[in-house]
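Heads up: the structure comes next, in structure tokens.
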Amino acid sequence: ETVLAGWGNKEFNLDKRNTRLLDLHLRVTDMDECRRNFTVPNSHVLIDKRVLCAYTPGKDACEGDGGSPLMIKKRYTENEKFYALGIASFGFMRCATEGYPSVYTRVSEFLPWILDNIEVDTRVDISSGDISFPST
């Protein structure tokens, strides 16, 4: 089970914006199921190893959730941490439509690029989970 955290609406509504950070528990779906639902003639949608799909009946990413993290919680030593599994990309026009999961960019497929392109500020210690900034 994964967790999506985002600012998206609970239903598709372009006139209304959510003002609270919400979370949903979603199930990663089978790739064949995802391909079956998004493979349409003349479509530019490509469902391959670079993406994953997630959905739970009645719950889904929605308008405003694009770019939100799909995370998995893992326990290492005594601490539990969330790790990014995917990044909300797109879904069916109507949110939480039965049989149409949302599609997420699979972070692991782009990890080498991410690591090559982020800049780590060595003055910030995040190893303990508590962020402390150096005095200037």
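The values are calculated or read from the model by the stated rules, or taken from the named source; none is laboratory data. Not measured: the values here are computed from a predicted model. Don't worry about glycine lacking a Cβ; one is built from the backbone with ideal geometry, like all the others, and counts go over all protein chains shown.
Taking interchain pairs and intrachain pairs at least six residues apart, which have beta carbon atoms under 6 angstrom, with the first residue in region 88-103 and at positive phi and of a type in the set (A, V, I, L, M, F, W, C) and the second surrounded by fewer than 20 Cβ atoms within 10 Å (Cβ to Cβ) and assigned to a loop (DSSP other than H, G, I, E, B)?
Listed pairs, sorted by first residue: Ala96/Gly58.
For region 89-112, give me each residue that is among the hydrophobic types (A, V, I, L, M, F, W, C) and either at pLDDT below 90 or under 12 Å from the mean Cα position of the chain (by Cα) (or both). Talk me through it step by step, then tell me what you get.
Of the residues in region 89-112, the ones among the hydrophobic types (A, V, I, L, M, F, W, C) are 90, 92-93, 95-96, 103, 107, 110-111.
Once the filter is applied, which keeps residues that are among the hydrophobic types (A, V, I, L, M, F, W, C) and either at pLDDT below 90 or under 12 Å from the mean Cα position of the chain (by Cα) (or both), region 89-112 yields Phe90, Phe92, Met93, Cys95, Ala96, Val103, Val107.
Are there strands (runs of 3 or more DSSP E) fully within region 39-120 with at least 1 residues that are touching a helix residue (DSSP H, G or I) at 6+ places or on another chain (Cβ under 6 Å)? List them. Working first, answer last.
Numbers: elements: 51-55, 69-76, 79-90, 102-106.
Once the strands (runs of 3 or more DSSP E) in region 39-120 are filtered for at least 1 residues that are touching a helix residue (DSSP H, G or I) at 6+ places or on another chain (Cβ under 6 Å), what remains is 51-55, 79-90.
Taking into account only those residues within region 33-81 that are among the β-branched types (Val, Ile, Thr) and without any contact (Cβ under 8 Å) to a residue 60 or more places away in the chain, which is farthest from Met93 (Cα to Cα)? I'd like the intermediate steps shown before the answer.
Residues of region 33-81 among the β-branched types (Val, Ile, Thr): 39-40, 45, 47, 51, 56, 72, 77.
Okay, now just the ones that are also without any contact (Cβ under 8 Å) to a residue 60 or more places away in the chain, so 39-40, 45, 47, 51, 56, 77.
Working: Thr39: 15, Val40: 14, Val45: 14, Ile47: 17, Val51: 18, Thr56: 16, Thr77: 42 Å.
Looking at residues that are among the β-branched types (Val, Ile, Thr) and without any contact (Cβ under 8 Å) to a residue 60 or more places away in the chain, I get Thr77.
Output the residue which, of all residues in region 26-52 that are in contact with a strand residue (DSSP E or B) (Cβ under 6 Å, 6 or more places away or on another chain) and at pLDDT 90 or above, is surrounded by the fewest Cβ atoms within 10 Å (Cβ to Cβ).
Step one: filter region 26-52 for residues in contact with a strand residue (DSSP E or B) (Cβ under 6 Å, 6 or more places away or on another chain), giving 26-29, 34, 50-52.
Filter once more, so that each one left must be at pLDDT 90 or above: 26-29, 50-52.
Numbers: Leu26: 22, Arg27: 14, Val28: 18, Thr29: 19, Arg50: 12, Val51: 20, Leu52: 24.
My answer is Arg50.
Those residues that are exposed (fewer than 13 other Cβ atoms within 10 Å of the Cβ) and at pLDDT 85 or above, I need them from region 1-18; list them, please.
Residue satisfying the conditions is Glu1 alone.
Among the residues of region 55-88 satisfying the criterion of being closer than 20 Å to Lys10 by Cβ and at pLDDT 95 or above, which is surrounded by the most Cβ atoms within 10 Å (Cβ to Cβ)? Lay out the reasoning, then the answer.
Let us first name the residues in region 55-88 that are closer than 20 Å to Lys10 by Cβ, namely 55-71, 88.
Within this subset, residues satisfying the condition of being at pLDDT 95 or above are 67-71, 88.
Details: Gly67: 12, Ser68: 23, Pro69: 19, Leu70: 27, Met71: 18, Ala88: 24.
Among them, the one singled out is Leu70.
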